1. Based on what the data block shows, is Ala13 over 21 Å from His103 (Cα atoms) and under 18 Å from the mean Cα position of the chain (by Cα)?
2. Those residues that are among the small types (Gly, Ala, Ser), in contact with a helix residue (DSSP H, G or I) (Cβ under 6 Å, 6 or more places away or on another chain) and open to solvent by 30 Å² or more (accessible area, probe 1.4 Å), I need them from segment 156-187; list them, please.
3. Can you find a residue that is assigned to a loop (DSSP other than H, G, I, E, B), at pLDDT below 90 and either open to solvent by 90 Å² or more (accessible area, probe 1.4 Å) or of a type in the set (A, V, I, L, M, F, W, C) (or both) anywhere in segment 123-136?
4. Residues of segment 138-154 being within 23 Å of Thr185 (Cβ to Cβ), out of contact with any Asp or Glu (no Cβ under 7 Å at 6 or more places or on another chain) and either open to solvent by 60 Å² or more (accessible area, probe 1.4 Å) or among the aliphatic types (A, V, I, L, M) (or both), which ones?
5. Which residue out of Ala68, Ala32, Ala47 is under 13 Å from Ala98 (Cβ atoms) and free of Cβ contacts under 8 Å to residues at least 60 places away in the same chain?
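The values are calculated or read from the model by the stated rules, or taken from the named source; none is laboratory data. Predicted model only: the values in this text are computed from it and were never measured. As a convention, Cβ positions derive from the backbone with ideal geometry for all residues, glycine included, and neighbour counts pool all protein chains shown. To get the accessible areas, we keep the full protein, side chains included, count just its heavy atoms, and leave off ligands, DNA and RNA. Shrake-Rupley method; radii C 1.70, N 1.55, O 1.52, S 1.80 Å.
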Amino acid sequence: MSVEGRDTAWNEAVRDIIEAGRRMDQRGWVPATAGNLSRKLPDGRIAITRSGGHKGFLNADGVIEVDAEGRPLIEGQRASAETLLHTQLYAHDPKIGAVLHGHSIPGTVLSLDEPGPSIELAGYELLKVFEGQSTHETSVNVPLFDNDQDIARLATVVASSLGKMPAGYLIRGHGVYVWGPDMSTALARLEGLEFLLACVLKRRKL
């Protein structure tokens, strides 16, 4: 369904997702058909990218509406297999208004290289982009979860860390999940995290 014919709030959500997809594509964070983006509307509706589309070339038809359980509201539409990881966040915290998932080189490589349960980010000025951080003299852990094709099972593993991941989380060999109260904040946090992951990767190479 095109943007025309939908209400203003829906149109704004679709535009947010399209613009975010282009921004992420410009930075190489959503290669091929990787990644998924969603935005929650003020009335609780959830707009999310359709399965299989390139996020750098999105149009209104590439965004669909799903319910709180991630089920498309229009028969025949197909949401991403990872939609449940989006709806899980919205259900956990009503203040979350946007969720972004990308596949960058630093995030993918580090998630496979790091043997521990998380990647520590410490001493960086940009840590202040994350909620609750007000100084560079701190450290933030980004949890690592093993990849699992059973998304419902993966969601149960992630559930134990909800509320304790100010910088988002990584799925090994897969990608990063970041969120915020609105799309601009989610994008800022994603850009901050991707910059810091690139710094960690660079330092490990030195």
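1. Values: over 21 Å from His103 (Cα atoms): yes; under 18 Å from the mean Cα position of the chain (by Cα): yes.
Answer is yes for this residue.
2. Gly173 - this is the single residue of segment 156-187 that is among the small types (Gly, Ala, Ser), in contact with a helix residue (DSSP H, G or I) (Cβ under 6 Å, 6 or more places away or on another chain) and open to solvent by 30 Å² or more (accessible area, probe 1.4 Å).
3. Filtering segment 123-136 for residues assigned to a loop (DSSP other than H, G, I, E, B) gives 123-124, 130-136.
Adding the requirement that they be at pLDDT below 90 leaves 131-136.
Narrowing further to those that are either open to solvent by 90 Å² or more (accessible area, probe 1.4 Å) or of a type in the set (A, V, I, L, M, F, W, C) (or both): 131, 134.
Checked segment 123-136: at least one residue is assigned to a loop (DSSP other than H, G, I, E, B), at pLDDT below 90 and either open to solvent by 90 Å² or more (accessible area, probe 1.4 Å) or of a type in the set (A, V, I, L, M, F, W, C) (or both).
4. Val140, Val142
5. Details: Ala68 fails: under 13 Å from Ala98 (Cβ atoms); Ala32 fails: under 13 Å from Ala98 (Cβ atoms).
Exactly one of Ala68, Ala32, Ala47 is under 13 Å from Ala98 (Cβ atoms) and free of Cβ contacts under 8 Å to residues at least 60 places away in the same chain, namely Ala47.
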